[in-house]
Amino acid sequence: MKIAIIQFGGTNCDLDVLHVLKDVLGLDAETVWYKQEDLTGFDGVVVPGGFSYGDYLRAGAIAARTPIMDSVKKLAAEGKPVLGICNGFQVLTEARLLEGALTTNEYPKFRCHWTNLRVEAVDTPFTSKFKKGELIRMPIAHMEGKFYAEEKTLAELDEKEQVVFRYVDGNGKVMDSANPNGSLENIAGIVNTSRNILGLMPHPERASESILGSDDGLRVFESMADYITENF
């Protein structure tokens, strides 16, 4: 098993993800610079957080149009898992690998704090180690994290159970007060129809060791590793 962590100019969470995959889970992982177009030999991809290309034009817009993303699309078409975290989520929507868009927070400021999330789907390569309806904690760090989609798309996401995480209060209820960025329907993370591509705004790599305040995020990477082991 070998997992690629894609680096663009402005990526800054790559080494955090590398630490979790290699040092915490003992997996074979390496960072891959965006100019390396070939992902042959990799069984999964993480597009980490940061501010690729300074968020010029739109967050993730330039990174989504680099040649390496063609290789990411090819890998995803093979059924291999692709995880986009924060800026990575923005890149995946810009690349049209996921529905919707991430826009400026309802209160247009950078938000960096812990959030409560409810697990909405466990039949994905990234959530098999969770229980449906489980309440977990992960931090956010973004200014363009408001999930937006047209009503038809939102209805399809709900109908096909593609919403994986929602922002909730401490009791697990969907509340406006628990929504840090104004995301429609409190959506924090979604998958594609094939369920092997996940984008989420919260940072699981920053919640993968108990010393950080939560290790709930570790199960995202453990689930991904199990999926690779069982299928590739």
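At-a-glance table
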item	result
Zone of LYS2's modelled label, taken as backbone nitrogen in segment 38-57 under 12 Å from a point 7 Å along Cα→Cβ	38-44
Residues TRP33 and SER194, FRET efficiency given R0 of 22 Å [Cβ-Cβ distance, rounded to 0.05]	0.20
Segment THR153-ARG58, extension gain: residue separation times 0.36 nm, minus the distance between their alpha carbons	32.1 nm
Inter-label distance for ALA77 and ASP176, nm, one decimal - labels placed 7 Å from Cα along Cα-to-Cβ	4.5
Sites GLU161 and VAL24 - FRET efficiency at Förster radius 30 Å, r taken between beta-carbons, to 0.05	0.55
DSSP-defined antiparallel bridges as percent of all bridges, the chain, nearest 5	60
For THR11, residues with placed amide H under 5 Å, excluding near neighbours	PHE51, TYR53
Relative packing of peptides 104-117, 47-60, 175-188 - highest average C-beta neighbours within 10 Å first	47-60, 175-188, 104-117
Net length gained if the chain between LYS131 and ASP70 were fully extended (0.36 nm per residue, minus Cα distance)	18.6 nm
Long-range amide H partners of VAL46 with built H, under 5 Å	ALA4, ILE5, ILE6, LEU83
Kirkwood Rh, angstrom, the chain [1 / mean 1/r, Cα pairs]	17.1
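Every read-out reported here was derived from the displayed coordinates using simple, explicitly stated rules and does not represent laboratory data. Just so we're clear, the structure is a prediction, and the values are computed from it rather than from any experiment. With ideal geometry, Cβ positions are generated from the backbone for all residues, glycine too; neighbour counts draw on all protein chains shown.
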